[in-house]
Every structure is written in C-alpha cells, then in structure tokens.
Amino acid sequence: MGRILLTGATGFLGGAVLHQALSRRDGTEWVCLVRCPSAEQGRQRIAARLSRFTDPFTAQRLARSVEVVPGDFTRADLDADPRLDSVTHVLHLAADTSWWGEERVSRTNHDGTLALARRARTMPRLARFLHVSTAMICGAEAPSLVEEAAYPSRDARHLVAYTVSKAAAETSLAGTFSDLPIVVARPSIVVGHSTLGAAPSSSILWVIRAADRLRLVPCDPDSAVDVVPVDWVADSLLGLLRKSQLAHDLYHVSAGARARATWHDLMRAFEAADPAGGVRTFTRFDLAADRALLRRRFAETFGLDGSLKQAMLRAVRAYYAFSSLDLTFSNARLLAEGLPPPPAFADYLKVCLANAPEITEQFADDLDMFVPPAPSLPLTASA
C-alpha cells in the first residue's frame with residue numbers, strides 16, 4: 001500500500017480507521033500528524049482512542065506500530081519534517097466539528113485544509129489525497145435524494161458554520177489544487193459501531209435516544225434519516241484510499257436508498273430493543289412554532305437544571321432542524337466501486353443501546369460541538 005499520512009487519528013473516525021487498518025497487518029506504514037509536545041505523548045493519545053475499540057494491551061501494541069509526527073495540519077505547509085516527504089497517500093480526517101464559531105471553524109477546516117494541500121504538493125510519491133468532508137454540504141434545501149455532482153453549491157443554505165467551512169474547503173481544493181490527486185469522501189450521519197455499539201463513542205446516538213424519550217419528531221414519521229456505523233465508514237474510506245483506479249473524485253459514504261432509516265423504522269427498532277418502553281407513538285410538532293412544547297417536554301423528561309442540560313436542549317433543537325430535512329444521500333458511486341453496502345441503523349440499534357450509559361452522559365461526547373467559543377479579548381497596548 002505504501003505510506004499513509006493520517007490527520008485526526010485521535011478522533012472517533014480516525015480511531016476506527018486505525019483500528020481497522022492496523023489489525024490487518026498488511027505492511028502499510030501509518031504516519032499520524034498529532035497535536036502533541038512529543039511523539040510518545042501523541043502515541044498515548046492514539047492508544048487511548050484505540051482502547052475504545054479493543055482491549056488496552058492491544059491498543060498499546062497497535063499504537064506502537066504507528067509513526068507519530070508532532071505537528072498541526074493547519075500549519076503543515078510550514079512543516080519541514082522529512083518524514084512527510086515520503087508519504088504516498090493522505091487521509092485527511094481532522095476537523096473542527098463545532099456548529100458555531102464561524103471564524104475559528106473556517107480557519108481550521110478551510111484554511112487548515114489548504115495548508116495541508118500545499119504541503120502535499122511537496123510529496124513526490126503522492127498517489128492520492130483523500131479529503132473527508134460531509135454529505136451535509138448540500139444545505140437545507142436539497143432534494144430528498146442528494147447526488148454528489150450537484151454540490152458544493154453557492155446557492156446552498158447552510159444551518160451551521162461547520163458545513164459552510166466544509167463546502168468552502170471542497171470548492172477551494174477543486175479550484176486551486178487541480179494538480180493534486182484529490183478524492184473527496186462525504187460521510188452522512190455516523191452513529192455507533194455495528195458490533196461494539198456505543199462503546200467507541202456515543203456521538204449523535206444520544207439525540208436519537210432523546211427523541212425516543214421525548215416522543216417528539218419535527219417531521220413526518222416516514223422521513224428519512226441517513227445513518228451509518230463508524231466501522232463501515234472506516235472500511236469504505238480505506239477502500240477508497242487503496243483502490244488504484246476510481247471512477248469518480250467525489251463519493252457519498254452513506255446509507256443510500258436501501259439502508260436509510262425512517263423515523264417509523266426507528267420507532268419499531270426501539271420497541272424491539274427496549275420493549276419495557278412500550279409502543280412508540282411520536283407526536284409531530286413544528287420546530288419553529290412549538291419551541292415552548294419542546295422545552296416543556298424536555299424539562300419534564302430530563303430536567304433543565306445546570307448548564308449541561310441547557311446545552312443539551314440547544315443541541316436537540318439543532319439536530320431536530322437537520323432531521324426535519326428528509327435527506328437520503330445516494331451511495332451508488334460507492335457501491336459501483338465494489339465496496340460492501342452499509343448495514344441499516346435499525347438493524348444495529350439494539351447493539352448500540354446494550355452498552356449505552358444515560359442519555360445525558362452520552363451527550364458529553366458531543367458537548368464541545370455546542371459550546372460557543374469564548375469571545376476574543378481586545379488587544380491592549382502591551383499585548
């Protein structure tokens with residue numbers, strides 16, 4: 001395979017990719033660019049993430065097989081470390097996933113990605129630069145079945161700063177770095193692991209569980225939710241990275257029309273996985289007009305004491321805005337490359353619920369996404 005530079009190794013998806021890849025022992029060299037004071041501290045951060053997918057001893061062993069380069073991908077164009085020169089493939093996963101803080105998010109996800117691309121230009125053996133974006137760059141007014149080729153679009157109306165920055169990064173990469181072998185992968189909603197459930201991360205799972213407890217949906221129960229497990233996404237990215245020839249330079253890594261879930265599917269899946277909760281009957285409500293209803297139901301169900309639950313209520317509103325869009329992301333291109341189809345979320349929901357802590361505890365995995373950045377301090381004469 002060669003020598004792969006990975007950014008985002010300490011994140012949810014990065015950990016899944018490393019665990020899947022390193023467990024195969026195929027001779028590929030993995031170089032991880034990690035924000036850390038020393039290589040050993042970076043390796044311990046990677047081991048901590050890997051331990052969510054396996055036992056601590058195996059996590060340490062796998063982490064020892066990784067080459068760690070302390071650094072920052074947002075300043076990669078200034079990084080003269082010679083270990084980066086021999087890279088054959090780049091897998092760019094790192095991102096600021098905050099939904100607010102436009103300037104900071106843009107600086108990381110747009111400007112930082114371009115800095116990494118400039119460094120990639122100096123890698124003489126580079127065969128592929130796989131940039132991981134998001135399917136939600138389509139915005140809030142996309143058709144129900146979203147195709148890759150229609151986006152990014154200047155006319156898209158975005159709901160959060162994160163998707164704005166990801167769309168801008170794709171546009172700038174295409175416009176400025178046509179000389180690089182860039183392929184873009186756009187995962188949809190990544191929730192849980194198909195066999196490990198919520199153990200690797202509770203990200204986003206908590207909000208689906210919260211909707212089940214609240215018995216409220218801001219859309220028709222037959223609306224689609226395009227959800228995929230992290231292990232399948234990791235395998236798909238590795239497949240796109242490894243194939244010598246690809247038919248396209250843009251791919252949705254998504255459930256698609258065959259594996260998408262509807263809210264009605266999820267209701268039945270919750271009933272099967274948690275029969276003690278009874279038959280699920282959800283009330284449809286207007287997210288904009290019925291804010292008081294959501295707040296009241298949330299307070300009755302979870303309470304509104306403390307800043308954590310206040311943040312959780314804001315996050316529920318934000319995710320409900322996305323869930324009301326009724327989007328399915330076509331994965332026809334991915335399947336045509338011979339990659340395996342994804343499992344349906346309703347089929348592995350029970351596994352996710354089996355080892356899931358309390359919903360408010362799970363929300364902690366996503367808390368940073370919903371905490372507004374601290375305001376910048378004004379400069380003083382001595383600054």
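The values are calculated or read from the model by the stated rules, or taken from the named source; none is laboratory data. Note that the coordinates shown come from a computational prediction; the quantities given were computed from them, not determined experimentally. Here Cβ is always computed from backbone atoms with ideal geometry, including for glycine, and neighbour counts include all displayed protein chains.
Figures for the structure shown
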item: Count - residues of the range 178-190 that are outside any strand (DSSP E or B) and either modelled with pLDDT under 95 or surrounded by fewer than 24 Cβ atoms within 10 Å (Cβ to Cβ) (or both); result: 4
item: Check on ARG314, of a type outside the set (Val, Ile, Thr), part of a helix (DSSP H, G or I) and surrounded by fewer than 21 Cβ atoms within 10 Å (Cβ to Cβ); result: yes
item: Entirely in the range 28-143, the helices (runs of 4 or more DSSP H) that have 1 or more residues that are of a type in the set (Phe, Trp, Tyr); result: 56-64
item: When residues of the range 340-366 are limited to those that are surrounded by 15 or more Cβ atoms within 10 Å (Cβ to Cβ) and among the polar types (S, T, N, Q), the one farthest from ASP231 (Cα to Cα); result: THR360
item: Filter result (within 17 Å of ARG268 (Cβ to Cβ) and in a loop (DSSP other than H, G, I, E, B)) within the range 192-218; result: ARG215
item: Near pairs, Cβ below 9 angstrom, 6+ apart or cross-chain, from the range 298-324 (free of Cβ contacts under 8 Å to residues at least 12 places away in the same chain and over 20 Å from VAL191 (Cα atoms)) to any residue that is in a helix (DSSP H, G or I) and among the aromatic types (Phe, Trp, Tyr); result: LEU304/PHE298
item: Hits in the range 172-193 (condition: touching a strand residue (DSSP E or B) at 6+ places or on another chain (Cβ under 9 Å) and closer than 14 Å to LEU13 by Cβ); result: ALA185, ARG186, PRO187, SER188, ILE189, VAL190, VAL191, GLY192
item: Single residue of the range 1-28 satisfying the filter (within 15 Å of ARG52 (Cβ to Cβ), among the aliphatic types (A, V, I, L, M) and out of contact with any strand residue (DSSP E or B) (no Cβ under 6 Å at 6 or more places or on another chain)) that is surrounded by the most Cβ atoms within 10 Å (Cβ to Cβ); result: ALA16
